[in-house]
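Novice: Mind having a look at this structure? Questions to follow.
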């Protein structure tokens, strides 16, 4: 079996959010990839939270041609080849996204060739995975946020995540004092906790939007509300400052979803800078590298969860490995994915059951993808 074609399709997908009378239109971007072999089998991959047109160009012009004629089953050799082609000095930006998109397609293809669902090929540790719902976005007013939390609990979710920080560092010149953002975050967290009661796990995510001073203030002020973890509290996932913040708060810290290479996770582990690691197969170099990161985490007895959305790709990792954890059911990202793919599972009572269909278990809808591909691309504005 040899690779004969590699393709990439950049998309900027319209998403409509209709909740509690709120009607909001936005877009999110992603890049789809596909790898075809001389047997006719096709594997599909994707990446997101990046510039979709840049990844598509990298795949079409650089990485894709390097895979033509190769054996798709040689995932380790091909990952290493792509690394030295795209990241020869350890760059962790667009290169890691491109590698992730292609590696996912390779694993989908190989699982199909073996007649196995991907999660079984990755280890088959469990047939279903627990999920948490990311529902609490900055566009909600405080009272809407509390009502949205109750709505998701009524849908069977007992683990909820909300955003905090509101991209404070990036927006510091609006003007918009960060201390006022923090004060409002405290009130929003309190409102959600009051709405859902003490038995629902509540997570917060600053999306790398705070400095150490303000992350410390926020963490200490929301400790009384029983936060299960504080995700990406600090800009750049600064390892030294993550370790310091961990000493300053009782709230467990989580990060890693936006890291591209394994050495960053090694540093987080060695410096005891995180309580939970969050490799994301759509960003962190695909399944090949995330398997290694899961192994590192297990050796350090540090749990892994999915952060950064894209649950239907990440559920295979967490079902495959023995130390798999939570999968993020990100409301907006899921709305996007349901426009792209057919055959996506629905969560039941806070769990996703893995498919038994070979490969990922779901396929892009070709006609819908063609329609969306006619839309203008995001121009860097599709990462929210």
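Novice: Would you check if residue 168 is touching a residue at least 60 places away in the same chain (Cβ under 8 Å), crowded, with 21+ Cβ neighbours inside 10 Å and touching a strand residue (DSSP E or B) at 6+ places or on another chain (Cβ under 9 Å)?
Specialist: Working: touching a residue at least 60 places away in the same chain (Cβ under 8 Å): no; crowded, with 21+ Cβ neighbours inside 10 Å: yes; touching a strand residue (DSSP E or B) at 6+ places or on another chain (Cβ under 9 Å): yes.
Here the answer is no, as residue 168 does not meet what is asked.
Novice: Looking at segment 1-50, what strands (runs of 3 or more DSSP E) fall wholly within it and have at least 2 residues that are over 23 Å from the mean Cα position of the chain (by Cα) and surrounded by 20 or more Cβ atoms within 10 Å (Cβ to Cβ)? Before the answer, list the steps.
Specialist: Numbers: elements: 3-19, 22-37, 42-48.
Filter on segment 1-50 gives 3-19.
Novice: Next question. For segment 5-27, give me each residue that is over 20 Å from residue 58 (Cα atoms) and in contact (Cβ under 8 Å) with a residue 60 or more places away in the chain. So that I can check it myself, show each step before the final result.
Specialist: The initial filter retains those residues of segment 5-27 that are over 20 Å from residue 58 (Cα atoms), namely 13-27.
Listed by number, the residues that qualify are 13, 14, 15, 16, 17, 19, 20, 22, 24, 26, 27.
Novice: For segment 51-77, how many residues meet the condition of being part of a helix (DSSP H, G or I) and more than 16 Å from residue 333 (Cα to Cα)?
Specialist: Here the count works out to 18.
Novice: How many residues are out of contact with any helix residue (DSSP H, G or I) (no Cβ under 8 Å at 6 or more places or on another chain), buried (at least 16 other Cβ atoms within 10 Å of the Cβ) and in a loop (DSSP other than H, G, I, E, B) when one looks only at segment 325-354?
Specialist: 2
Novice: Going by the structure shown, is residue 221 touching a strand residue (DSSP E or B) at 6+ places or on another chain (Cβ under 9 Å), assigned to a helix (DSSP H, G or I) and assigned by TED's automatic domain parsing to the domain that holds residue 241?
Specialist: Working: touching a strand residue (DSSP E or B) at 6+ places or on another chain (Cβ under 9 Å): no; assigned to a helix (DSSP H, G or I): yes; assigned by TED's automatic domain parsing to the domain that holds residue 241: yes.
So residue 221 does not fit the description; no.
Novice: Moving on to the next point. Among the listed residues 320, 308, 382, which satisfies the condition of being outside the structural domain of residue 170 (by TED's automatic domain parsing) and either under 22 Å from residue 94 (Cα atoms) or touching a helix residue (DSSP H, G or I) at 6+ places or on another chain (Cβ under 6 Å) (or both)? Break it down stepwise before answering.
Specialist: On the way: 320 fails: outside the structural domain of residue 170 (by TED's automatic domain parsing); 308 fails: outside the structural domain of residue 170 (by TED's automatic domain parsing).
Just a single option satisfies the conditions, and that option is 382.
Novice: Please state which one of 196, 192, 186 is touching a strand residue (DSSP E or B) at 6+ places or on another chain (Cβ under 8 Å), free of Cβ contacts under 8 Å to residues at least 60 places away in the same chain, farther than 30 Å from residue 292 by Cα and surrounded by fewer than 20 Cβ atoms within 10 Å (Cβ to Cβ).
Specialist: On the way: 192 fails: surrounded by fewer than 20 Cβ atoms within 10 Å (Cβ to Cβ); 186 fails: touching a strand residue (DSSP E or B) at 6+ places or on another chain (Cβ under 8 Å).
Matching residue, one of 196, 192, 186: 196.
The values are calculated or read from the model by the stated rules, or taken from the named source; none is laboratory data. Remember, predicted model here, so these are calculated numbers, not experimental data. Cβ coordinates were reconstructed from backbone atoms using ideal geometry, including for glycine residues, and neighbour counts include every protein chain displayed.
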